[in-house]
């Protein structure tokens, strides 16, 4: 079982978010350890595939977390439609249980997840620890159970593909090679989202390397309605928003954070966009989680409240701003967005909604390992040009008193470049 210092040395970070170093989150004490297995982004399946392929390693990771955190209970939050996965984990140890969730978006949002499973409401801007909960995703738990340096990443490739697939690939391999592995010979012909359908970002550079936090790639025909939405510029979105918003409030009434009682009011952000007012309502955008539900599903005019809220996060509350003290909306559960509605609204029903885990068919000859793929400071190189390395060798390390994550070679080869990244080429 790993110790916090070993977790740090292995370079384990949150594999599904911003890459927060796991050794920090493993040093506290918390009553409930919660595994986020909801995987609510449409078309992504790599978390479920990890559990199917490595159930014992997954359970070992939970045991490690529970022991380090001295938790009295651990809960796996999983959508009910995937309850057959639980059969692979039986018998569950006495400290471990599960919570079956409805199929809605964004079930995997930390604030939504904690409330759904425990009934506790996290205050705006807080973390799960504030309500005596610690949350980790499936791949992070797997890395704890694997007990070795993090040198590979699981990701799903889905969308406009004949055979969607999930792979475990070396960290640092180019996204172009990952796509080639899935049979995409000319990825330039696609519009590609890095991440998920809802919260992904348009992929501009196919030579980008795989990092510890990438969860998937979504391929779309450039003329697909969703691709066209993502290709609108912010300037165009704002111009359309100023002229078309009729203040129907659907963006607010269906916002998952608003329904938890948080001061997130997208329609006021849209009103400020229209009238250019600089008033206290700008602060309400501060707690937006940017799930994109308001823009891609809720708004009947196909406007972009999410981007407007993101723009307004620059405005910091002054001393006169008070967060309203209210609980969840009485219709919170009734106003959830079913994934079936999301698939229909975003024209995704024509795509195959599965991505089985298969061996990666390409043996990379070169990897580019970024020195910063985590929250904190850049790792400092431990190697020099010309050094030979093998998989798992530590090649960069964070300073002792700084936040970050150590890095390791993902293939055997020779170091050929050191800059903001370390390039290793197979000999």
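The values are calculated or read from the model by the stated rules, or taken from the named source; none is laboratory data. All values derive from a computational prediction rather than experimental measurement. FYI the Cβ positions are ideal-geometry reconstructions off the backbone, even for glycines, and counts take in every protein chain you see.
Some points to look at:
- Residue list for the range 339-351, filter: touching a residue at least 40 places away in the same chain (Cβ under 8 Å), exposed (fewer than 14 other Cβ atoms within 10 Å of the Cβ) and in a loop (DSSP other than H, G, I, E, B): 347
- Cβ pairs under 8 Å, 6+ apart, first in the range 377-390 and touching a residue at least 24 places away in the same chain (Cβ under 8 Å), second surrounded by fewer than 14 Cβ atoms within 10 Å (Cβ to Cβ) and in a loop (DSSP other than H, G, I, E, B): 377/399; 377/402; 378/420; 388/427
- So residue 158, is it in a loop (DSSP other than H, G, I, E, B) and either outside the structural domain of residue 327 (by TED's automatic domain parsing) or surrounded by fewer than 20 Cβ atoms within 10 Å (Cβ to Cβ) (or both): no
- Residue check, residue 214 under 17 Å from residue 373 (Cβ atoms), in contact with a strand residue (DSSP E or B) (Cβ under 8 Å, 6 or more places away or on another chain) and crowded, with 18+ Cβ neighbours inside 10 Å: yes
- Among residues of the range 288-309 being part of a loop (DSSP other than H, G, I, E, B) and on the phi < 0 side of the Ramachandran plot, the one that is surrounded by the most Cβ atoms within 10 Å (Cβ to Cβ) is 304.
- Residue match in the range 364-373 (condition: surrounded by fewer than 15 Cβ atoms within 10 Å (Cβ to Cβ) and modelled with pLDDT of 95 or more): yes
- Qualifying residue in the range 310-331 (condition: part of a helix (DSSP H, G or I), at negative phi, within 25 Å of the chain's Cα centre (by Cα) and surrounded by fewer than 20 Cβ atoms within 10 Å (Cβ to Cβ)): yes
- Against the numbered list (1) touching a strand residue (DSSP E or B) at 6+ places or on another chain (Cβ under 6 Å); (2) modelled with pLDDT under 95, residue 34 comes up short only at (2).
- Residue 334 fulfils the conditions (1) closer than 30 Å to residue 272 by Cα; (2) in a loop (DSSP other than H, G, I, E, B); (3) at pLDDT below 95 except for a single criterion, (3).
- Residue in the range 246-254 that is surrounded by 23 or more Cβ atoms within 10 Å (Cβ to Cβ), farther than 26 Å from residue 65 by Cα and in contact (Cβ under 8 Å) with a residue 40 or more places away in the chain present: yes
- Annotation for the range 90-99: no member residue is at pLDDT 95 or above, under 17 Å from the mean Cα position of the chain (by Cα) and assigned to a loop (DSSP other than H, G, I, E, B).
- Any hit, the range 63-71, residues being part of a strand (DSSP E or B) and at pLDDT 95 or above: no
- Residues that are surrounded by 18 or more Cβ atoms within 10 Å (Cβ to Cβ), in contact with a helix residue (DSSP H, G or I) (Cβ under 8 Å, 6 or more places away or on another chain) and not in a helix (DSSP H, G or I), drawn from the range 100-146: 101, 104, 105, 106, 107, 109, 122, 133, 134, 135, 136, 137
- Out of 155, 220, sole residue that is in contact with a helix residue (DSSP H, G or I) (Cβ under 8 Å, 6 or more places away or on another chain), under 19 Å from residue 358 (Cα atoms) and touching a residue at least 40 places away in the same chain (Cβ under 8 Å): 155
- Residue 245 vs. criteria at positive phi and in contact with a helix residue (DSSP H, G or I) (Cβ under 6 Å, 6 or more places away or on another chain): no
- Residues satisfying the stated conditions in the range 27-42, i.e. surrounded by 22 or more Cβ atoms within 10 Å (Cβ to Cβ) and assigned to a loop (DSSP other than H, G, I, E, B): 37, 38, 39, 40, 41
- Any hit, the range 269-282, residues being part of a loop (DSSP other than H, G, I, E, B), surrounded by 15 or more Cβ atoms within 10 Å (Cβ to Cβ), in contact with a helix residue (DSSP H, G or I) (Cβ under 8 Å, 6 or more places away or on another chain) and outside the structural domain of residue 204 (by TED's automatic domain parsing): no
- All of (1) surrounded by 15 or more Cβ atoms within 10 Å (Cβ to Cβ); (2) in contact with a strand residue (DSSP E or B) (Cβ under 6 Å, 6 or more places away or on another chain); (3) closer than 18 Å to residue 145 by Cα hold for residue 73 with one exception: (1).
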